[in-house]
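Below is one structure, written out as structure tokens; comments come after it.
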Amino acid sequence: MKSPHHLTRYLVPPIADLLLVTLLCALFFTSPSPLLLDGDTGFHIRAGEEILRTRAVPRFDMFSQHAPALPWTAHEWLAEAVMALSHQAAGMSGVVALYALLLAVTFRLLFRTLVSYRAGILTATAVTLATLVCSQMHWLARPHLFTFLFLVVFHHRLESWRREGGRSLWLLPPLMLLWVNLHGGFAAGFLLLAAYLAGTAAEMAGGTGDRRAARKKGGELGAVLLACLVAALVNPYGWRLLLFPLRLVSDRYLMDHVAEFLPPAIHGWLPFNCLLLLLIALFALSPKKTEPTELLLVLGFGYMALTSVRYIPLFGLVTAPVLAARLGELGREGGGRCGRALREVSVRLGRLERRPIPPLWGAVALAVVTAAATGGLFHHAFDRRLMPVDACEFVLRTGIKGRVFNSDEFGDYLIYRGYPDCRVFIDGRLDMYGARRLREYNEIIAFRPGWDQVLERYGITWIMFEADSDFARFLQQRSEWRLVYSDQVAKVFEKTAVPR
């Protein structure tokens, strides 16, 4: 008979499992889901369905009305196929479960990584929670969440190799093979590799440590970098896909007119501001000399985060080990009675965390979520208070035909609900549409001189736009556009001169 103490080992979950269970269940069993605040989710599902149907990765767009078909680099094709399979298995609940699990695994792994670097349990918990809050702004059911996970794995392998050596680096090329086909954020993996290679070179040039060992490590890292580059070429677009991130960031009009590419406002996201200021303060207070690799990572990803809000989560994930190391140093030095008490608590929690028990709690939580999703016990869908759900139903029910001019925010949902009957004017793939079409779109919604001529040129016969937008209010004053549907989310207009 097993002792009560033995049973308690299984009843009290480790912090890592508690983190996974809490995140997974909170994200899945919250309705409406915070992961479905963006219509891009719907577009990715339909793209994945087309990939599964045709058994081919598309090279030209099939969702918009533009002719000839626009060249399209579907750089997230593998993630989209996975999303389509999840949607086929359990509808939108399957997609929410997929990304809830992805986030839960990412932050569980981040916590375990910080613990493995000998950060105290309390320090590792605090830093993980801080990173979690900082990245929450971009928690959406979209392929970029794969980059969160792969970034943590890549960084852990590189840092473990830098600290302890070994052959863990050779896991990176097969990981890159997956990453490059899941999301364009694979470029962050090469930035990590470049930072560690440059840091190793700086150590050699500075004469610190064993030069011979540093040269050996530099050679190994260079070989792995080359292997990752070869692995990245194994994708449907070959070397052209490697240039995709560069082409994207080099388009200044897109960078200056797409919200997620804009730099963060100083008062816009308080967790990021606090994290950045805390890092600066810890670097100033820490007696430990900053290592070149650490400095390059903080400066490189910090610059990215300051130039575009979409990189803030990556900054938090990459700098978490640096933050934990600096906080750990301060925690080990003094602190009086309170500091000693916290260190004792951290040691005791560390013993619990190191218990050799199976991940029972995580398995149970995953089983519950899977049963709820596949059994239809918990239903997820786009929030009709945010998406044009009712407006799309009206259009499909009444059979409005012709070419649509739509809000770019609504385009992805239109693809999800209306394809193939409805082809959009624009959607979230602004890299595909390019600066010229985005400029035309902005000229129309700002009703600049000639806006109506652009609509004529594209043969637009009906419009769907946000109900509270200036453009929708402007159209209501125009006799050539008749309001046929209105709710708190969207308005639908038909051109009066063209019969249905």
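The values are calculated or read from the model by the stated rules, or taken from the named source; none is laboratory data. Owing to the predicted nature of the structure, the values given are computational and were not obtained by experimental measurement. As a convention, Cβ positions derive from the backbone with ideal geometry for all residues, glycine included, and neighbour counts pool all protein chains shown. To get the accessible areas, we keep the full protein, side chains included, count just its heavy atoms, and leave off ligands, DNA and RNA. Shrake-Rupley method; radii C 1.70, N 1.55, O 1.52, S 1.80 Å.
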Checking rank on 300-309, 109-118, 276-285, with mean other Cβ inside 10 Å and highest first, the result is 109-118, 300-309, 276-285
What is the sum of charges around Val318, taking Lys and Arg as +1, Asp and Glu as -1, for the other residues whose C-beta is under 15 Å from the C-beta of Val318?
+1
Based on DSSP H assignment, which helices of the chain show an axial Cα extent of at least 24 Å together with a mean Kyte-Doolittle hydropathy greater than or equal to 1.0?
77-116, 187-206, 312-332
Rounded to the nearest whole Å², what accessible area per residue is found for the chain with the 1.4 Å probe?
46
How many angstrom lie between the C-alpha centres of segment 48-81 and segment 224-279?
22
Can you tell which of Phe447, His138, Thr106 lies farthest toward the positive end of the dipole of the chain, using +1 and -1 charges on the Cβ of basic and acidic side chains (Lys, Arg; Asp, Glu)?
Thr106
With the 8 Å Cα cutoff and a minimum separation of six or more residues, the chain has a relative contact order in percent of 20
For Cα pairs less than 8 Å apart in space and 6+ apart in sequence, what is the mean separation divided by the residue count of segment 76-153, i.e. the relative contact order in percent?
40
Roughly how big is the chain's charge dipole about its Cα centre, with Cβ charges of +1 (Lys, Arg) and -1 (Asp, Glu), in debye to the nearest 20?
1640
So, in nm, how far is label Leu278 from label Ala467 when the simple model puts each one 7 Å beyond its Cα toward the Cβ?
4.0
Farthest towards the positive end of the dipole of the chain, among Ala213, Thr496, Val484 and with Cβ unit charges of +1 on Lys and Arg and -1 on Asp and Glu, lies the Cα of Ala213
Excluding residues fewer than 8 positions from Lys495 in its own chain, the aspartates and glutamates with Cα under 13 Å of it are Asp452, Glu456, Glu480
Potential lengthening between Arg247 and Arg384 on full extension [0.36 nm per residue; Cα-Cα distance subtracted]:
45.8 nm
For Lys289, counting only lysines whose alpha-carbon sits under 23 Å away and dropping same-chain residues fewer than eight positions off, the answer is Lys217
Place a +1 charge on the Cβ of each Lys and Arg in segment 170-273 and a -1 charge on the Cβ of each Asp and Glu, then give the dipole magnitude about the Cα centre in debye, rounded to the nearest 20.
380
Residues whose placed amide H lies under 5 Å from that of Val424, excluding near-sequence neighbours:
Ser64, Gln65
Charge dipole of the chain about the Cα centre (unit charges at C-beta), most positive-ward option of Phe244, Val224, Tyr117
Tyr117
Rounded to 5, the percent of DSSP beta bridges in segment 362-500 classed as antiparallel:
70
Counting only DSSP beta bridges fully inside the chain, the antiparallel percentage to nearest 5 is 70
Taking the alpha-carbon distance from Lys491 and a cut-off under 30 Å, which lysines remain once sequence neighbours fewer than 8 residues away in the same chain are dropped?
Lys401
As an exercise, take the mean of 1/r over every pair of distinct alpha carbons in the chain, invert it, and state the Kirkwood radius in angstroms.
25.1
If each DSSP helix of 4+ residues adds -39,500 (n - 2.57) and the sum is divided by the residues in the chain, what number results at 222 nm, nearest 500 deg cm²/dmol?
-21000 deg cm²/dmol
Computing the accessible area with a 1.4 Å probe over protein heavy atoms, can you report the carbon and sulfur percentage for the chain?
62
